[in-house]
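One structure is given here, and the rest of the page talks about it.
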Amino acid sequence: MKWTNQAEIIKQLSDRQVVNHLYLTQGIILAITVIASLFLFPSLTKWLDLWKYDVNEILIYGVSAGFIVLIIDVLLMIVLPKRFYDDGGINQKVFRNRPVLEILWIAFLVAFAEELLFRGVIHTTFGYITASIAFGFMHIRYLTKPVLLISVLLISFYLGWMFEVTSNLFVTITAHFMIDFILGLLIRFKIMG
C-alpha cells in the first residue's frame, strides 16, 4: 500500500471539494460542541455567561490581537522561505477563487465553530493548556511544518490567554475571525501566498 501525503491528495481535489470538506469539518466541530456541552455544562446559563458583548474588551483584546497576529504572520511570510509556510495548498484552494462574501462566511464559520469548541467547551472544562494544545493538534497537517505548527500553537495560547483574561467568546471569535478573513483576502487577491 502506497502512502500518499496530504499535498498529493489536495492536488487531486478541486477547490470546491476542499471547501466542501472544510464545511463538513466545521459542521462536525459544531456537532461535537453541542454534544459535549450537553454533558459538560450543568445549564444553558453557564454557556450564556461566556458571551459578553463588551465593545471595549472586543476592541482591546479581540481586534488588537487579530492585528498583532496578522502583522507577525505577514512579517514571517516576507522573511522566511515560502516552503516554511506551505500548508500543502489547502489555503490556496480554499481562498484563491472564492468571492469575498464566501471568504467572510468561511472565516466566520471557522472562528465561531473552533472557538466554541476549544475556548467554550475544552478551555472552560479542562483548562487553558489542554485547550491550547488540542487546538494545535487539530491542525495535524502542520506536524511536518515546524514554523506553521509553532505559529498555530502560539496563536492558540494567545487566544487562550485572552479567554483567561476576559472569559468572553466574542473576544476570541473576533480575533480568530480577523486573522482568517484578512489572510483569506491576502490569498484571494494574490497579495500573499
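Consider Thr144 against the criteria (1) open to solvent by less than 60 Å² (accessible area, probe 1.4 Å); (2) among the polar types (S, T, N, Q); (3) not in a helix (DSSP H, G or I): it satisfies all of them except one. Which criterion is unmet?
(1)
Take the conditions of a type in the set (A, V, I, L, M, F, W, C), open to solvent by less than 30 Å² (accessible area, probe 1.4 Å) and in a helix (DSSP H, G or I) and apply them to Val171. Does it pass?
Yes: the conditions hold for Val171.
For region 11-119, please list each of the helices (runs of 4 or more DSSP H) lying entirely inside it that holds at least 2 residues being of a type in the set (S, T, N, Q).
Where helices (runs of 4 or more DSSP H) fall fully within region 11-119 and carry at least 2 residues being of a type in the set (S, T, N, Q), they are 15-40, 90-95.
Could you grab me the full set of residues in region 88-115 that are more than 15 Å from Val19 (Cα to Cα) and either among the charged types (D, E, K, R) or open to solvent by 20 Å² or more (accessible area, probe 1.4 Å) (or both)?
Those that are more than 15 Å from Val19 (Cα to Cα) and either among the charged types (D, E, K, R) or open to solvent by 20 Å² or more (accessible area, probe 1.4 Å) (or both): Phe112, Glu114, Glu115.
Within region 174-191, is there a residue that is of a type outside the set (Gly, Ala, Ser), farther than 18 Å from Leu70 by Cα and either buried (at least 19 other Cβ atoms within 10 Å of the Cβ) or within 16 Å of the chain's Cα centre (by Cα) (or both)?
No, that holds for no residue.
Restricting the search to region 6-60, which residues are open to solvent by 40 Å² or more (accessible area, probe 1.4 Å) and touching a Leu at 6+ places or on another chain (Cβ under 8 Å)?
His21, Tyr23, Leu30, Ile32, Trp51
Looking only at residues that are more than 21 Å from Gly27 (Cα to Cα) and among the charged types (D, E, K, R) in region 76-134, which one is modelled with the highest pLDDT?
Arg96
Just the residues that are buried (at least 18 other Cβ atoms within 10 Å of the Cβ) and not aliphatic (A, V, I, L, M), please, taken from region 61-86.
Tyr61, Gly62, Gly66, Asp73
The values are calculated or read from the model by the stated rules, or taken from the named source; none is laboratory data. Owing to the predicted nature of the structure, the values given are computational and were not obtained by experimental measurement. Using ideal geometry, Cβ is built from the backbone for each residue, glycine included, and neighbour counts are taken over all protein chains shown. Areas reflect the complete protein model, heavy atoms only, side chains present, ligands, DNA and RNA absent. Shrake-Rupley method; radii C 1.70, N 1.55, O 1.52, S 1.80 Å.
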